[in-house]
Amino acid sequence: MSNLTGLRGVPIALDPLNKKDYTSDQEVRWCPGCGDYAILSTFQSMMGTLGIRRENTVIVSGIGCAARFPYYVDTYGMHSIHGRAPAIATGIATAREDLNVWVVTGDGDSLSIGGNHLIHTLRRNVNITILLFNNEIYGLTKGQYSPTSEVGKLTKSSPLGSLDNPFNPISLALGAEATFVARAIDSDRKQLTEVMTAAAQHRGAALVEIYQNCPIFNDGAFEGLKGPEKEDLLINLRHGEPITFGSEGRYCVFRNARHDFEIGETADVDPAAIVVHDAERPDPSQAFALSRLTEGGVMRQAPVGIFRNVQRPAYDDRVREQILEVRAEDQDAALADLLAGPDTWEATAS
C-alpha cells in the first residue's frame, strides 16, 4: 500500500509506470490548439510517478469538452452527467478506500448546474482530487458565456454583453473551506505537475483550477499570463516565502494600513509588510485575500501555486469509521432484530 497520505490504502504498482502506461488507445478528439492536450499529457506523465497500481485509479467527468478526459487515460473511468461528477466520485471514494479518485470538470459543468455538488464535496472534505478546467466559456455547446466569463462578454447567449458577475473558483473553494486549493496554467508543465502531484498526495478534497485556453471560442483569454509579460503578472506562491514576483522580485504583495493586500514595488515597501505565504494556516482568510488579487476576465495579475494545504479528517474515512462502530458482530441476528423490532405493526381487517 502507498504510504502517501492522500493515497493511503491504494496498492503500490509492482513495476514502474510511465506516460505510455496511462495512454489509452482512443483517438484524442479536441480542437487543434486546445489547452486540454497539454493538461492530458502532463497528467499521464504525472500519474506514472505516483507509484500506484493503474487499476486502482478512477476518473469521473461530467459534461463538456474536458469531460472526454476519461476516454484518453488508460484507467477506470466514467463519463457521467452534467454537474454530478463530484457526487458520483463521493460514492466511489466512500465505497472503496483502495481507489485513487479524480474528477475532471469545466467551469460551466462545475460552477453552474454542478455548483451545489462542488461546494458540498469540498466542505465535506471527500478524499478526491478535482481538476477544474477554466476557459471562461462554454466550448462544447459552441461559445456561450460561462460562470467565469467577464462582465460584458459578447457571446451567442449574451449578444449585448454578459451582465453576470463571474465566479472566482479559488475564492469559491476557499469559502467552502476546501482543505487543498491550487491554481496552475495549462502551458506550464512543471508547475502543473507539481500542483497535481501535491493534490493527489493530499488526504481530503483537493481542487486545482487550471487556466485552459479555448482557441475556437475564447482564444487568448490568458495570453497575458503566458506571453512576454508573464513574469510581471504571475504571482508564484511558495509556502513559507515572502510573496514577490517580477524580474528580480521587483513587485510584492504587502499589507497596507487597513491590513488589505496590495501589489507594490518591493523597493518602496517596508520588508515587514510583505506577506509571507502560509498555505498551512488553519484560517483560510489569508489564502482568500490572495485569491482576490485576481480580477475575473481582466487578468492584471494572477496568483498561481498552492493557496491552501491543511489537514482535516476526510469525509469518506469518517463514514467508514462510523460504519465499523455500529456494525454488529452477529449480522444475521442484527438483521432478524431489525425485521422483528419495535418499528413494526399488524394490519387487521376492519
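Condition check for GLY220 on (1) surrounded by fewer than 22 Cβ atoms within 10 Å (Cβ to Cβ); (2) within 17 Å of the chain's Cα centre (by Cα): one failure, at (2). The residues of segment 97-144 that are under 27 Å from THR49 (Cβ atoms) and either free of Cβ contacts under 8 Å to residues at least 24 places away in the same chain or of a type in the set (Gly, Ala, Ser) (or both), listed by number, are GLY106, SER110.
Selection over segment 90-117 of residues that are open to solvent by 10 Å² or more (accessible area, probe 1.4 Å), among the small types (Gly, Ala, Ser) and in a helix (DSSP H, G or I) gives a count of 4.
Any chance you could count how many residues in segment 244-260 are of a type in the set (Val, Ile, Thr) and either within 21 Å of ALA198 (Cβ to Cβ) or open to solvent by less than 20 Å² (accessible area, probe 1.4 Å) (or both)? Outline the logic, then answer.
The first filter runs over segment 244-260 and keeps only residues of a type in the set (Val, Ile, Thr), leaving 244, 253.
In the following step, the residues that additionally are either within 21 Å of ALA198 (Cβ to Cβ) or open to solvent by less than 20 Å² (accessible area, probe 1.4 Å) (or both) were identified as 253.
Total meeting the criteria: 1.
Which of the residues belonging to segment 223-243 are open to solvent by 20 Å² or more (accessible area, probe 1.4 Å) and either part of a helix (DSSP H, G or I) or β-branched (Val, Ile, Thr) (or both)? Hits for segment 223-243 are GLU223, GLY224, LYS230, GLU231, ASP232. Look at segment 22-49: where a residue is touching a residue at least 60 places away in the same chain (Cβ under 8 Å) and on the phi < 0 side of the Ramachandran plot and a partner is open to solvent by less than 40 Å² (accessible area, probe 1.4 Å) and among the polar types (S, T, N, Q), sitting 6+ places away or on another chain with Cβ atoms under 6 Å, you get GLY35/GLN212; GLY35/ASN213; MET46/THR197. Here is the figure for segment 54-69: residues that are surrounded by fewer than 21 Cβ atoms within 10 Å (Cβ to Cβ) and out of contact with any Asp or Glu (no Cβ under 9 Å at 6 or more places or on another chain) total 1.
Restricting attention to segment 174-187, the residues that are outside any strand (DSSP E or B) and touching a strand residue (DSSP E or B) at 6+ places or on another chain (Cβ under 8 Å) add up to 4.
Being surrounded by fewer than 22 Cβ atoms within 10 Å (Cβ to Cβ) and modelled with pLDDT of 95 or more: is that true of LEU192 here? It is false that LEU192 is surrounded by fewer than 22 Cβ atoms within 10 Å (Cβ to Cβ) and modelled with pLDDT of 95 or more.
Could you say which residue among ASP21, ASP74, ASP15 is among the acidic types (Asp, Glu), more than 27 Å from GLN144 (Cβ to Cβ) and exposed (fewer than 15 other Cβ atoms within 10 Å of the Cβ)?
Working: ASP21 fails: exposed (fewer than 15 other Cβ atoms within 10 Å of the Cβ); ASP74 fails: exposed (fewer than 15 other Cβ atoms within 10 Å of the Cβ).
The conditions single out ASP15.
VAL10: at negative phi, part of a loop (DSSP other than H, G, I, E, B) and in contact with a strand residue (DSSP E or B) (Cβ under 7 Å, 6 or more places away or on another chain), yes or no? Considered against the rule, which asks whether it is at negative phi, part of a loop (DSSP other than H, G, I, E, B) and in contact with a strand residue (DSSP E or B) (Cβ under 7 Å, 6 or more places away or on another chain), VAL10 comes out as yes.
Which residue is nearest to ALA206 (Cα to Cα), if the candidates are limited to segment 172-185 and must be open to solvent by less than 10 Å² (accessible area, probe 1.4 Å) and not aliphatic (A, V, I, L, M)?
We begin by selecting, within segment 172-185, every residue open to solvent by less than 10 Å² (accessible area, probe 1.4 Å); these are 173-174, 178-185.
Within this subset, residues satisfying the condition of being not aliphatic (A, V, I, L, M) are 179-180, 183.
Working: THR179: 7, PHE180: 5, ARG183: 11 Å.
My answer is PHE180.
Of all residues in segment 130-141, how many are touching a strand residue (DSSP E or B) at 6+ places or on another chain (Cβ under 9 Å) and surrounded by fewer than 24 Cβ atoms within 10 Å (Cβ to Cβ)? Let's see the steps before the verdict.
At the first step, the residues of segment 130-141 found to be touching a strand residue (DSSP E or B) at 6+ places or on another chain (Cβ under 9 Å) are 130-140.
Now drop any that are not surrounded by fewer than 24 Cβ atoms within 10 Å (Cβ to Cβ), which leaves 140.
Counting residues in segment 130-141 that are touching a strand residue (DSSP E or B) at 6+ places or on another chain (Cβ under 9 Å) and surrounded by fewer than 24 Cβ atoms within 10 Å (Cβ to Cβ) gives 1.
The values are calculated or read from the model by the stated rules, or taken from the named source; none is laboratory data. The structure presented is a predicted model; accordingly, all values stated were derived computationally and were not measured. Cβ atoms come from the backbone with ideal geometry, glycine included; neighbour counts cover every protein chain shown. Heads up: the accessible areas ignore ligands, DNA and RNA and are worked out on the full protein's heavy atoms, side chains in. Shrake-Rupley method; radii C 1.70, N 1.55, O 1.52, S 1.80 Å.
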